[in-house]
Amino acid sequence: MSIRKILTYPNPFLRESAQDVANITGDTVQWIDDMVQTMYAAPGVGLAALQVGLDERIIVVDVGEAEEEEAERGKHLIRIVNPVIVEAEGEVVWEEGCLSVIDFKAEVTRANHILVKGYDPDQKEVAIEAEGLLAVALQHEIDHLDGRLFIDHLSRLKRDMYTKRVRKALREGRPIARDRDEDGED
Ligand code: NI
């Protein structure tokens, strides 16, 4: 297993539409293991294949307690190939962040209860019912597979606060970081 580099906004690869996985091969399983390791190392609660430069419909999610012992790790791990949301109900607002959107968080409205179908790494069909944080994380990761980031769900004004900050940092050749003076957040 190895930790992969996570692509960050505005990398255009994050805007691709990922391809369906036709066969779950040894290579696929290797990639999934790398994604899991990369997610835990970040640390994050989810990761989509496009974020590590793989153009395939694969997501990994683990919303287990942050203070969980390392030995307990993996108990809540979900790995889905070709995930599809088949049912969505209700509404929930959650403050989201993303490993590909550096140093920015914002509230997003999503379905509170979903049913996701897909395949696990052993090629078995899986159906996962989720609500709350897990439902949010799954929708966030599945969005990635269609080139959508959580900032796309925000108002233009809110999104511009971030994209302008990123453009300015890139222009000045410095790392993207919160600039309190500039946007007056927090
Ligand atoms: Ni993300």
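Since every read-out is calculated from the coordinates, none of them should be taken as a lab result. This one's a predicted model, so the numbers in the text were calculated from it and none came from an experiment. All Cβ positions, even for glycine, are placed from backbone atoms using ideal geometry, and neighbour counts span all protein chains on display.
Run through segment 56-161 and list the GluC sites (Glu not before Pro) located in a DSSP loop whose Cβ has at most 11 other Cβ atoms within 10 Å.
Working: sites: Glu56, Glu65, Glu67, Glu68, Glu69, Glu70, Glu72, Glu87, Glu89, Glu91, Glu95, Glu96, Glu107, Glu125, Glu129, Glu131, Glu141; in loops: Glu65, Glu67, Glu68, Glu69, Glu91.
Taking segment 56-161 and a limit of 11 other Cβ atoms within 10 Å, the loop GluC sites (Glu not before Pro) found are Glu65, Glu67, Glu69, Glu91.
Tell me which of His153, Gly118, Pro12 sits at the most positive position along the dipole axis of the chain, charges placed on C-beta atoms (Lys, Arg +1; Asp, Glu -1).
Positive-most Cα among the choices belongs to Pro12.
For the chain, with a Gaussian network of springs between Cα atoms less than 10 Å apart, report the residue from Ala22, Ala42, Ala130 with the top mean-square fluctuation.
Between Ala22, Ala42, Ala130, it is Ala22 that shows the largest mean-square fluctuation.
Arranged by the count of other C-beta atoms within 10 angstrom, fewest first, what order do Met39, Met1 take? Please list the in-between numbers first.
Details: Met39 26, Met1 11.
Lowest to highest Cβ neighbour count: Met1, Met39.
I need the P(r) histogram for the chain: all alpha carbon pairs, bin width 10 Å from 0 out to the longest distance, whole percents.
9, 36, 37, 16, 3, 0
For segment 110-123, in order, what is each residue's ³J(HN,Hα) by Karplus, 6.51 cos²θ - 1.76 cosθ + 1.60 with θ = phi - 60°, in whole Hz (x at glycine and Pro)?
Result, rounded to whole Hz: 9, 5, 8, 9, 9, 10, 10, 10, x, 10, 8, x, 8, 6.
If I build a Gaussian network model for the chain, linking alpha-carbon pairs within less than 10 angstrom, which residue out of Ala18, Ala111, Ala49 has the largest mean-square fluctuation?
Ala111
Please identify the trypsin sites (Lys or Arg not before Pro) of segment 79-181 that satisfy two criteria: DSSP loop assignment and at most 10 other Cβ atoms within 10 Å. Which are they? Provide the component values of the computation, followed by the final result.
Values: sites: Arg79, Lys105, Arg110, Lys117, Lys124, Arg148, Arg156, Lys158, Arg159, Lys164, Arg165, Arg167, Lys168, Arg171, Arg178, Arg180; in loops: Lys124, Arg148, Arg178.
Sites meeting the loop and neighbour criteria: Lys124.
Among Asp62, Asp103, Asp146, which one shows the biggest mean-square fluctuation in a GNM of the chain, springs joining Cα atoms closer than 10 Å?
Taking springs between Cα atoms under 10 Å, the residue moving most is Asp103.
Would you please name the chymotrypsin sites (Phe, Trp or Tyr not before Pro) within segment 1-54 that are DSSP coil residues with at most 10 other C-beta atoms within 10 Å of their C-beta?
Numbers: sites: Phe13, Trp31, Tyr40; in loops: none.
The qualifying sites: there are none.
Using only the Cα atoms of segment 74-170, what are the Rg and Dmax in Å?
Answer for segment 74-170, Rg first and Dmax second: 15.0, 46 Å.
Give me the distance in nm between label points sitting 7 Å out from Cα along the Cα-to-Cβ direction at Ser17 and Ala88, one decimal.
Distance between the two pseudo-spin positions: 1.6 nm.
Would you please give the residues with an amide H less than 5 Å from that of His113, counting only those at least 5 places away or on a separate chain, with H modeled from the backbone geometry?
When sequence neighbours closer than 5 places are left aside, the close amide H contacts are Glu89.
For the chain, give the magnitude of the charge dipole about the Cα centre (Cβ charges: +1 Lys/Arg, -1 Asp/Glu; no others), in debye to the nearest 20.
Details: 23 positive and 38 negative charges, 197 e Å.
Rounded to the nearest 20 debye, it is 940 debye.
May I have the count of lysine pairs in segment 96-173 with C-alpha atoms under 26 Å apart, counting pairs 8 or more residues apart or located on different chains?
Numbers: Lys105/Lys158; Lys105/Lys164; Lys105/Lys168; Lys158/Lys168.
Counting lysine pairs in segment 96-173 gives 4.
Give the percent of DSSP beta bridges with both residues in the chain that are antiparallel, rounded to the nearest 5. Before the final figure, lay out each step's value.
Details: 26 of 27 bridges.
Bridges in the chain are about 95 percent antiparallel.
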